[in-house]
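> Structure in structure tokens, see below.
Throughout, read-outs are computed from the coordinates displayed, never taken from laboratory work. The shown structure was predicted, so the numbers you read here are calculated from the model rather than taken from an experiment. Cβ placement follows ideal geometry from the backbone for every residue including glycine, while neighbour counts extend to all protein chains displayed.
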Amino acid sequence: MDKIIVVGAGMAGSEAAWQAASRGIKVDLYEMRPVKNTPAHKTDLFAELVCSNSLRGAGLENAVGVLKEEMRRLGSIIMEAADATKVPAGGALAVDRLGFSRYITEKVTNHPLINVIHRELEEIPYEDNAVTIVASGPLTEGKLAEKIGELMGQEYLYFYDAAAPIVTLESIDMTKAWKASRYGKGEAAYINCSMNKEEYHKFWTELVNSEKAPTHNFEKEKFFEGCMPVEEMASRGEDTLLFGPLKPVGLENPADGKLPYAVVQLRQDNADGTLYNIVGFQTHLKWPEQRRVFGMIPGLENAEFVRYGVMHRNTFINSPETMRPTMQFKDNDHLFFAGQMTGVEGYVESASSGLVAGINAARICKGLEPVVFPQETAHGSLCHYITTAPAKHFQPMNVNFGIMSPIKEKIRDKKLKKQRIAERALTTLEEFKQGI
Ligand code: FAD
């Protein structure tokens, strides 16, 4: 193998191409813009930020801050550009949008080992001596999407995500919530939060009057058949949710042996059992509104949201079924996927998965084994999450402390605990870097 083909010069593809070329490997980088545009991109620049100009929290008290620091230490072009073009944004790292993308476009285009080809690919490109990285993003469609669906099996390719919020187990008040499955079937798999009639009425009133996030024009079509936002369902009548996600049947509260008026269920969301999603709560509510309204659910008053509910256009694959933590496709050592389409969520996460794919594709070209990043690092925890999360309900995920390996020490202070996890991530990354 002496070449890497990258599809898409977005956040993931630009980083993957850069990492591979920095390791001395030739890269053919295919980008369809400006020949063909997506409904969200406005320019022909690489790594265009299609919405916000923020790469979120700058400091190490945020998991995304740790992820960014790891990327810096691994020679990321995305982070080099972000640091060079940052604008004042309090605790966040925000960038001059055009300056950021121009910086990356110039550096990547001028790299002597990267050959940029502006063309829409209609299939996954395979060449005898090349490793392929597909990073065509959350708006992948048309023939390329069809081919990806054929490769994975159509049932493992999705075009929209309808994600319910995810909270950490340790932030759920288990003195109010209890574990049980409906009708006591099987193991007690769900965490249940019950409401009496008065609590339910207050919750329903706030939910139907809550503030919703705006929808992009190209997302306005009706696409969520059978997967309605919880607030939309609530707006059909005060009792509708009681026959839907909040139905109490088969869920007697062990505290008094009675059937509650309404029950919200939370389902385990990661293999380690540290995260739970609120079942049926896919939503368009603005993020602070999710905290406020869903925080009215008894037991979730102080819930820590590691991912808010979203519903948007998003092409992604079922990575727990189809991918390895090296970012390789399960059935082909020479095929990688990277970016939002693998089920990571966000600009930085997309770029970081491109970084892992670029490093590993380059290793294959050099005759080396691809590496799995340690789960103590932010990179490793994301790769681990997307490849081990329960496949049946898989939805994209931001990086967060809840998916990083817990530390052995018992620390009650949340701030200090995060600090320890962050310090350990960076020490582990330094050791890991020596090895690769
Ligand atoms: P992209 O950055 O989209 O890159 C994919 C590239 O592949 C594009 O340049 C595209 O032109 C090219 N391409 C696609 N198909 C082909 C083909 N067939 N042949 C050749 N080239 C092709 N995340 C945030 O953190 N903050 C936000 O504010 C945010 N807002 C978003 C808004 C929208 C509308 C969407 C859809 C997503 C948003 N995201 C946001 C999520 C996500 O982080 C970004 O979409 C991010 O850019 C994903 O990176 P990527 O590399 O996977 O895809």
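> If you take every residue apart from Lys366 with its C-beta less than 15 Å away from the C-beta of Lys366, what net charge results, scoring Lys and Arg +1 and Asp and Glu -1?
So the surrounding residues net to +1.
> Something else: Can you tell me how the chain classifies by the Cα gyration tensor, rounded, prolate or oblate, using a/c under 1.5 as the rounded cut?
It is prolate, given that a/c is not under 1.5 and a/b is the larger ratio.
> On to the next question. List the aspartates and glutamates whose Cα sits under 13 Å from the Cα of Lys176, skipping any in the same chain fewer than 8 residues away.
Hits, sequence-local ones excluded: Asp256, Glu301.
> Let me ask you something else. With θ taken as phi - 60° and the coefficients 6.51, -1.76 and 1.60, list the Karplus ³J(HN,Hα) couplings across the range 107-115 in order, rounded to whole Hz; mark glycine and proline as x.
With the stated coefficients, the range 107-115 comes to 5, 5, 4, 8, 5, x, 9, 9, 10 Hz.
> Going by how many other beta carbons lie within 10 Å of each one, how would you line up His111, His216, fewest first?
In order of increasing Cβ crowding within 10 Å: His216, His111.
> Straight-line reach from Lys392: which aspartates and glutamates have a Cα under 14 Å away, not including same-chain ones fewer than 8 places off?
Within the straight-line cut-off, Lys392 pairs with Glu155, Asp161, Asp269, Glu321.
> Now, a different point. Which one of Ala357, Asn62, Leu29 has its Cα pushed farthest toward the positive end of the charge dipole of the chain, where Lys and Arg give +1 and Asp and Glu give -1 at the Cβ?
Asn62
> Using the 10 angstrom Cβ neighbour count as an exposure proxy, how do Thr109, Thr428, Thr387 rank, fewest first?
Taking fewest neighbouring Cβ atoms as first place, the list is Thr109, Thr428, Thr387.
> While we're here: Counting other beta carbons within 10 Å of each Cβ, put Asp28, Asp2 in order, fewest first.
Asp2, Asp28
> Just to confirm the number: angle between the C-alpha axis of helix 63-73 and the first principal axis of the chain, 0 to 90 degrees, nearest 10?
The angle comes out near 10 degrees.
> Among Pro214, Thr240, Asn192, which residue has its Cα positioned farthest towards the positive end of the charge dipole of the range 161-311, with +1 placed on the Cβ of Lys and Arg, -1 on the Cβ of Asp and Glu, and the dipole taken about the Cα centre?
Thr240
> Here's something else I'd like to know. Hey, can you grab everything whose amide H is under 5 Å from the amide H of Leu55? Only 5+ residues off in sequence or another chain; H modelled, so Pro and N-termini drop out.
For Leu55, whose amide H was placed from the backbone, the distant partners under 5 Å are Leu93, Ala94, Val95.
> Hey, another quick one. Does anyone have the angle between helix 378-388 and the longest principal axis of the chain? Alpha-carbon axes, 0 to 90°, nearest 10?
Computed tilt is about 70 degrees.
> If the cut-off is 30 Å between C-alpha atoms, which lysines fall inside it for Lys36, apart from same-chain ones fewer than 8 positions away?
The qualifying lysines are Lys3, Lys26, Lys86, Lys107, Lys143, Lys147, Lys220, Lys222.
> Taking the Cβ of Asn270 as the center, what net charge do the other residues with Cβ under 15 Å away carry, scoring Lys and Arg +1 and Asp and Glu -1?
Charge balance in the 15 Å sphere: -2.
> Going by amide H atoms built from the backbone, whose H comes under 5 Å of the H on His118, apart from near neighbours?
Glu31
> Nearest 10 degrees is fine. How inclined is helix 414-435 to the longest principal axis of the chain, computing both from alpha carbons?
30 degrees
> So, one more: Please work out the Cα center distance from the range 343-416 to the range 52-128, rounded to the nearest Å.
18 Å
> Rounded to the nearest 20 debye, what is the charge dipole size of the chain about its Cα centre when +1 sits on each Lys and Arg Cβ and -1 on each Asp and Glu Cβ?
Result for the chain is approximately 740 debye, rounded to the nearest 20.
> Using the Cα gyration tensor of the range 280-436, with a ≥ b ≥ c the square roots of its eigenvalues, what is the shape: rounded (a/c below 1.5), prolate (a/b larger than b/c) or oblate (neither)?
oblate
> Compare the Cα positions of Ser136, Pro260, Leu368 along the charge dipole of the chain (+1 at Cβ of Lys, Arg; -1 at Cβ of Asp, Glu; about the Cα centre) and return the one farthest towards the positive end.
Working it through, the farthest residue towards the positive pole turns out to be Pro260.
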